[in-house]
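The values are calculated or read from the model by the stated rules, or taken from the named source; none is laboratory data. Just so we're clear, the structure is a prediction, and the values are computed from it rather than from any experiment. Positions of Cβ are backbone-derived with ideal geometry, glycine not excepted, and every protein chain shown enters the neighbour counts.
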Amino acid sequence: MDITSQAEFAADPSSVYSMLTTKEYLIKVCEATRATNHDVTVDGSTTVTSRALPAPEMAARFTGPTLTVVEQTVWGDAAADGSRVGALKLTVSGQPVTMNGTMSIKPHGAGTVLALEAELKVAIPLLGKKMEQAAAPAITSGFRTHQSVGSTWLADQR
């Protein structure tokens, strides 16, 4: 299932990239998604977050009440206009769920757009598509958390 979403920020691409690769910012995103437990690592242009989240109702009977979602982004170099593309990989520990795609940072007017384009796969015969449809809103909601947390973060950095 294709997943797309975007967030807009009133800051230049360099500032948005700096935010997205700052451990303290990523911790705030984990906390805002109501993770019951989280771990964040940043190694240069690679970020990894691991979050324990309540399982969606449809999945909970198969997975238990909590899922551990691990998200890794490996950012590429900046283009002349400051834009960047990051390879995104999301997995759910112990579950046949993966999401692969990109996050991109691009100048947009006086600010920057952060865009998500990915493919979500739940490899469970007969139920996979239904579970993808059930998981998609949680994924896009989690991504949109960047909008609210990021806008506050950037305003505080001025």
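For first residues located in the stretch 77-89 and within 13 Å of MET99 (Cβ to Cβ), partners that are assigned to a loop (DSSP other than H, G, I, E, B) and lie 6+ apart or on another chain with Cβ distances below 9 Å form the pairs ALA87/GLY76. Considering the stretch 1-37 alone, what residues qualify as being closer than 27 Å to MET131 by Cβ, buried (at least 21 other Cβ atoms within 10 Å of the Cβ) and out of contact with any helix residue (DSSP H, G or I) (no Cβ under 6 Å at 6 or more places or on another chain)? Listed by number, the residues that qualify are LEU26, CYS30, ALA35. Tallying residues that are closer than 18 Å to SER104 by Cβ and assigned to a loop (DSSP other than H, G, I, E, B) within the stretch 11-44 yields 3. Every listed requirement among (1) modelled with pLDDT under 90; (2) more than 24 Å from HIS38 (Cβ to Cβ); (3) assigned to a loop (DSSP other than H, G, I, E, B) is met by ASP77 save one, (1).
Within the stretch 45-64, at least one residue is outside any strand (DSSP E or B), among the hydroxyl-bearing types (Ser, Thr, Tyr) and at pLDDT below 90. Cβ-Cβ distance below 7 Å, separation of 6 or more or different chains: which pairs start in the stretch 1-28 with a residue that is free of Cβ contacts under 8 Å to residues at least 12 places away in the same chain and within 16 Å of ASP156 (Cβ to Cβ) and end on one that is of a type in the set (D, E, K, R) and buried (at least 19 other Cβ atoms within 10 Å of the Cβ)? Every condition considered, no pair remains. Screening LEU154 against (1) free of Cβ contacts under 8 Å to residues at least 60 places away in the same chain; (2) within 19 Å of VAL40 (Cβ to Cβ); (3) surrounded by 13 or more Cβ atoms within 10 Å (Cβ to Cβ) leaves a single unmet condition, (1). Restricting attention to the stretch 125-158 and to residues that are of a type in the set (A, V, I, L, M), in a helix (DSSP H, G or I) and in contact with a helix residue (DSSP H, G or I) (Cβ under 9 Å, 6 or more places away or on another chain), the residue that is nearest to GLN6 (Cα to Cα) turns out to be VAL149. Looking across the stretch 91-107, the residues that are surrounded by fewer than 15 Cβ atoms within 10 Å (Cβ to Cβ) and out of contact with any strand residue (DSSP E or B) (no Cβ under 6 Å at 6 or more places or on another chain) come down to GLY94, PRO96.
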